[in-house]
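Data block below; observations after.
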Amino acid sequence: MSNYDNAIEISNLRKCYDGFTLDDISFNVPKGSIMGFIGQNGAGKSTTIRAILNITNTDGGSIRLLGMDHIRDEAQIKEQIAAVFDECPFHDAFKAKQINILFRGLYQNWDEQKFYGYLDRFQLPRNKKLGAFSKGMKMKMQIAAALSHGAKLLVMDEPTTGLDPVVRNEILDIFREYLSDEDNSILLSSHITSDLDKIADCVTFIDRGKLLLTGYKDDILESHGLMKCSKEDYSKIDPADIVSARINEYSVDIMVSDRDKMSRKYSGILIEKTNLEEIMLFYVNREKKEWI
């Protein structure tokens, strides 16, 4: 086992663009876990991932990957990590053979047998140009390449977007298999919360460049709850106890962040369990406080 506790450590990360700031983001990805990185499109997920991979310069903060500094130790880190993007980075004229030659030259630990094994498993043709591949096939090609050089960390930006449910499940199974080696870790950015409900150990929510929540998924789901009440009862609830409230025609749904405490404080009101999608929705509307 390698001597670091967190596969990724991000501390006070800042990046300023015209009209958008990634504002003081801090979170860790524990080694051996899969971290779901959640937020709406435009929340700052891709900016954070580009900073992690040192594709984008930062305006402040620090990033450590596999216990190393992401800039100073970049060459060493990049031997041991793999990135998968929503858009396929390989040229449409490439065939599997060219990708194999390219990666063999890039990575000391490139495993040609493993790569072709994944191609067979994914039923990907070896002699067809990528331009003729579907989106799902291109994503599988990226994942086959990512998993064939002994990477300890996978960084993925929306890898399941636009894929049909069967392909998505197949890919999620591969991630589970990869994590059966507890030295391996995944950061998986997505706005498809149902995928993360299935496989994430931890989740980090960001919205408009700000960190909303980070922690173990089960703890976040356990602590949050959806309070359902009449409009009359709603008027008696302390606004400080509310993340945000969805106003329906006859009733109100209220997201609370401490279900046990609220159950004691408002003992007559039903508080149901919730899911990641609901939590994200209510947090995104937190500044409005009330929404329809």
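Pairing each residue of the stretch 178-195 that is under 19 Å from residue 66 (Cβ atoms) with any residue that is of a type in the set (Lys, Arg) and in a loop (DSSP other than H, G, I, E, B), provided the two are 6+ apart or on different chains, yields C-beta distances under 9 Å for 181/152; 182/31; 183/31; 183/152; 184/31; 184/152; 185/31; 185/152. So for the stretch 268-287 (the condition being polar (S, T, N, Q), more than 30 Å from residue 14 (Cβ to Cβ) and buried (at least 19 other Cβ atoms within 10 Å of the Cβ)), does at least one residue qualify? Yes, because at least one residue in the stretch 268-287 is polar (S, T, N, Q), more than 30 Å from residue 14 (Cβ to Cβ) and buried (at least 19 other Cβ atoms within 10 Å of the Cβ).
Within the stretch 220-243, residues that are without any contact (Cβ under 8 Å) to a residue 60 or more places away in the chain reach partners that are of a type in the set (Ser, Thr, Tyr) and part of a helix (DSSP H, G or I) with beta carbons closer than 7 Å, at six or more positions or on different chains, in the pairs 243/283. Check residue 237 against each of (1) buried (at least 19 other Cβ atoms within 10 Å of the Cβ); (2) under 15 Å from the mean Cα position of the chain (by Cα) and name the one condition it does not meet. Going through the list (1) buried (at least 19 other Cβ atoms within 10 Å of the Cβ); (2) under 15 Å from the mean Cα position of the chain (by Cα), residue 237 breaks only (2). Against the numbered list (1) acidic (Asp, Glu); (2) farther than 27 Å from residue 30 by Cβ; (3) at pLDDT below 95, residue 112 comes up short only at (3).
Among the criteria (1) in contact (Cβ under 8 Å) with a residue 12 or more places away in the chain; (2) closer than 23 Å to residue 208 by Cα; (3) in a loop (DSSP other than H, G, I, E, B); (4) open to solvent by 40 Å² or more (accessible area, probe 1.4 Å), the one residue 12 does not fulfil is (3). Scanning the stretch 18-28 turns up at least one residue that is without any contact (Cβ under 8 Å) to a residue 24 or more places away in the chain and either open to solvent by less than 20 Å² (accessible area, probe 1.4 Å) or more than 17 Å from the chain's Cα centre (by Cα) (or both).
The values are calculated or read from the model by the stated rules, or taken from the named source; none is laboratory data. This one's a predicted model, so the numbers in the text were calculated from it and none came from an experiment. Note that each Cβ is placed from the backbone with ideal geometry, even for glycine, and that neighbours are counted across all protein chains shown. Keep in mind that these areas ignore ligands, DNA and RNA; they rest on the heavy atoms of the full protein, side chains included. Shrake-Rupley method; radii C 1.70, N 1.55, O 1.52, S 1.80 Å.
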